[in-house]
Every structure is written in structure tokens, then in C-alpha cells.
Amino acid sequence: RIYVCHTYYHVYVTFLKELNLPKEKQGKATLMLSKMSINFENLKERVESTGLFEEVIEFDEKRDDFFPELAKYKKDTGNLITNLWNRILFTQKYAKLEAPYIPVNLKEYKDIYVYCDSDPIGYYLNYKHIPYHALEDGLDCLVHFDAARFDNRGHFGLKAFLSSKLNVIFIQNGYGRYCIDMEVNNISAIKHSCPKYVEEPRRPMVEALTREQKDILLQAFVKNMDHLLHTMEQGEYHDNKVLILTEPLCDLETRERIFKDLIAEYGVRAQIYLKPHPRDVLDYETLFADRLIIDKTVPMEMLNFIENLKFQKVVSVLTVLDGITFAEEKIRLGSDFMDKYEAPEI
């Protein structure tokens with residue numbers, strides 16, 4: 001089996017899936033890290049050091065804008081039929097252009113797991129008629145944002161038919177012709193279900209971890225544990241810790257204002273920690289030099305596995321916090337909060 005991962009969270013869930021297998025089945029999977037969306041730095045070497053995977057390889061996946069010849073197929077002509085024809089051509093040509101960058105022969109694997117099949121890998125697999133399993137991009141992400149329906153709003157039923165039955169266009173998240181099924185954390189919470197959704201709750205996998213397995217996760221994901229633990233004891237109010245999770249929201253100037261406002265609101269007689277999102281490019285180390293910054297490459301779930309670590313509050317704007325157990329209070333501000341900083345239609 002092979003797992004195609006685009007984020008640290010994807011790799012984390014992959015670890016959960018592998019660690020929950022019987023011991024005799026572990027160590028036989030390939031982990032493929034796509035470099036398209038994120039810099040995994042030296043994660044490859046750290047994962048290899050755990051011995052949990054047979055092979056760890058990097059994937060130089062390319063966005064569509066890497067191929068300038070595709071731009072003409074994405075222009076809105078104002079005509080449904082013309083737009084649809086252009087999309088059919090885009091789907092085929094994009095997969096062909098992506099093919100040289102696939103580092104392995106995916107047909108050699110019995111099971112292929114893809115966390116974000118909206119990315120080029122999804123186009124490639126469907127074009128090559130290779131069956132695969134999809135997994136949700138983030139915890140309960142379809143509950144809060146159904147990307148397949150949003151990206152294909154207007155004649156969704158027709159588009160879904162062209163994707164799932166005829167395979168002439170491609171729609172992610174369970175609507176691809178060669179998507180076998182799509183794993184989600186909680187089907188009942190999703191407004192528009194899809195016949196291919198299968199429920200695979202994350203919490204039981206976490207609860208089944210032994211102390212040894214938790215240490216394997218920390219070995220893979222935390223670059224400098226001693227420094228992290230030392231950081232947790234800093235500051236006058238370190239016994240009242242508040243963790244603020246940043247997100248790649250809006251423009252950088254507005255983003256800076258958002259997190260300065262959150263620090264002002266939640267930082268009274270509290271020790272504020274900022275945990276930048278892996279795809280957040282705002283320079284928090286410079287702009288918030290007086291605050292404690294947790295390495296952005298550490299998935300927030302790792303903090304669950306550090307013994308005796310506890311935050312009084314964790315605050316996010318849109319990130320789902322259901323998987324967090326290290327905080328006494330979890331605050332998700334939501335879309336109404338964002339409406340104060342940018343137009344609601346955005």
C-alpha cells in the first residue's frame with residue numbers, strides 16, 4: 001500500500017492507520033510526500049528513523065499553473081457547453097503533463113490512499129484508470145466546507161455524472177470514477193452525503209495508541225523535544241497557557257491584525273503561545289518576537305502525546321479542534337468572526 005500525503009496532518013493520520021494495524025502487517029507501506037503545498041524539511045529522515053514504513057519517497061507534484069499551456073482552458077467563456085468542453089480538455093491534458101513527475105509506478109500497489117485528490121494526483125489516477133481510496137483533507141473538513149460542491153456549483157448533478165460515470169472531467173472527494181471510497185471522520189455531520197463516503201473515526205485510533213507508539217509519533221514529528229518542553233516553562237504566567245493557532249487566512253496585513261487582536265483579547269494575565277499553520281507564510285518570529293512560537297512543522301495533535309502538558313485555552317479561527325485533548329477549553333471563532341475582518345461573501 002502507498003499513502004500520498006500533502007500535509008503534516010496527512011502524515012499524522014497515516015501513522016495512526018499504520019500503528020493500528022496488527023504488528024505483523026506494519027512496516028510494509030510506502031509513504032509518498034508531495035512537495036507541492038508544503039516544505040516537509042527533514043521529515044523524510046525522521047519518519048525513516050521510526051522504521052514504520054518500508055519506503056519514504058518525495059513527490060515533485062506540479063500545480064496546473066506550472067504548465068502555461070493549460071491557462072486557456074480555465075477561462076470562463078460565458079457559455080456552458082464551451083466551458084464544459086474546455087474542462088474535458090483540461091482534465092486530459094493536465095493528467096498527461098503530470099505523468100512524468102510521478103516517482104513510482106502506482107499500478108504496482110494493491111491499495112493507494114490519497115488525502116487530497118483535488119490535487120494533480122487525483123487527475124492522474126482517474127486518467128490512468130487506477131483505483132484508489134480517498135481520505136478527508138482535514139478533520140471533519142467536509143462538515144465545514146464541501147469543496148467538491150463549491151468548486152462545481154451550478155449544474156452539480158451533471159458535472160458529477162460526467163466525473164463519476166463517464167470520467168471525462170474530474171471531481172474530488174468521492175466523485176471520481178476510480179475513487180473506490182472516501183474515508184471521513186463523521187458521516188452524519190456532513191450535509192450532502194456521497195455514496196462513497198465510509199466512516200473511519202479518528203478518536204478510536206488515537207485512544208488505541210500505547211505509550212511506545214505515542215513516542216514513535218513524537219520521534220517523527222518533533223524536531224527538538226527538549227527545546228519545546230523548555231519553552232513550556234517560560235514566562236510569568238506559564239501556569240495559565242493559551243495557545244492560538246494561526247491559519248493562512250486573507251491577506252498578510254489583515255492576518256497580522258487578526259492575531260494581534262486575539263493576543264490582546266486572550267493574553268491578559270496569560271502566557272500566549274502561537275502555533276503557525278504549516279502553510280502560513282506570515283513571519284510570526286519577527287512580528288511577534290515577544291511571544292513564544294511553537295514550530296509550525298509540529299502538528300497540533302502531537303501536543304496530546306506529551307505527558308503532563310496542559311493548556312488552559314486553545315483558540316482557532318476556522319481550524320476544527322475536536323481532536324485536541326491537551327486544553328481545558330477549546331474556542332473556535334468561526335465565520336462570523338472572520339466577517340469582522342473581510343467581506344462576508346469572501
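The values are calculated or read from the model by the stated rules, or taken from the named source; none is laboratory data. The structure displayed is predicted, hence computed values, not measured ones. Every residue, glycine among them, receives a Cβ derived from its backbone with ideal geometry; neighbour counts consider all protein chains shown. Surface areas here come from the heavy atoms of the whole protein model, side chains and all, with no ligands, DNA or RNA. Shrake-Rupley method; radii C 1.70, N 1.55, O 1.52, S 1.80 Å.
Table for the structure above
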{"quantity": "Under-5 Å amide H pairs with TYR197, H placed in peptide plane, nonlocal only", "calculated": "MET182"}
{"quantity": "Residue-normalised accessible area of segment 1-79, given per residue in Å² at a 1.4 Å probe", "calculated": "46 Å²"}
{"quantity": "Backbone HN-Hα couplings from phi across segment 10-19 [Karplus 6.51/-1.76/1.60, Hz, Gly and Pro as x]", "calculated": "4, 5, 4, 5, 4, 4, 4, 4, 6, 5"}
{"quantity": "Dipole in debye (nearest 20) - the chain, about Cα centre, beta carbon charges: Lys, Arg +1; Asp, Glu -1", "calculated": "1260 debye"}
{"quantity": "Net dipole in debye of segment 1-132 [+1 Lys, Arg Cβ; -1 Asp, Glu Cβ; about Cα centre; nearest 20]", "calculated": "400 debye"}
{"quantity": "Residue-by-residue Karplus 3J(HN,Hα) for segment 255-261, coefficients 6.51, -1.76, 1.60, Hz, glycine and proline x", "calculated": "4, 4, 5, 4, 7, 5, 5"}
{"quantity": "For the chain, average projected area of the Cα convex hull in nm²", "calculated": "18.3 nm²"}
{"quantity": "Residues of type aspartates and glutamates that LYS75 reaches as a straight line, Cα spacing below 18 Å, ignoring anything fewer than 8 places off in the same chain", "calculated": "ASP64, ASP65, ASP151"}
{"quantity": "For segment 10-118, alpha-carbon Rg relative to the globular expectation (2.2 N^0.38 Å, N residues)", "calculated": "1.37"}
{"quantity": "Of all accessible heavy-atom area on segment 1-129, the percent that carbon and sulfur account for (1.4 Å)", "calculated": "47 percent"}
{"quantity": "Carbon and sulfur %, accessible surface of segment 146-297 computed with the full protein complex present, 1.4 Å", "calculated": "50 percent"}
{"quantity": "Distance from segment 274-303 to segment 53-74 (C-alpha centre basis), Å", "calculated": "27 Å"}
{"quantity": "In Hz, Karplus ³J(HN,Hα) per residue of segment 119-124 (6.51, -1.76, 1.60; θ = phi - 60°; x = Gly, Pro)", "calculated": "6, x, 4, x, 4, 5"}
{"quantity": "Quarter of Cα convex hull surface for segment 142-181, i.e. mean projection, nm²", "calculated": "2.7 nm²"}
{"quantity": "Accessible area expressed per residue, segment 147-250, with surrounding protein chains retained (probe 1.4 Å, Å²)", "calculated": "51 Å²"}
{"quantity": "Three-way shape call for segment 185-309 based on the alpha-carbon gyration tensor, with the a/c threshold at 1.5", "calculated": "oblate"}
{"quantity": "For the chain, with +1 on Lys and Arg beta carbons and -1 on Asp and Glu, the positive-most of MET302, PHE90, HIS144 along the dipole", "calculated": "PHE90"}
{"quantity": "Estimated translational D of segment 202-264 in µm²/s (Stokes, Kirkwood radius over Cα pairs; 37 °C; 0.692 mPa s)", "calculated": "217 µm²/s"}
{"quantity": "Sorted peptide list for 16-29, 104-117, criterion being average Cβ within 10 angstrom, highest first", "calculated": "104-117, 16-29"}
{"quantity": "Theoretical ellipticity at 222 nm over the chain - DSSP helices of four or more residues, -39500 (n - 2.57) apiece, nearest 500", "calculated": "-9000 deg cm²/dmol"}
{"quantity": "Accessible surface of segment 301-346 [probe 1.4 Å, protein heavy atoms]: carbon and sulfur percent", "calculated": "42 percent"}
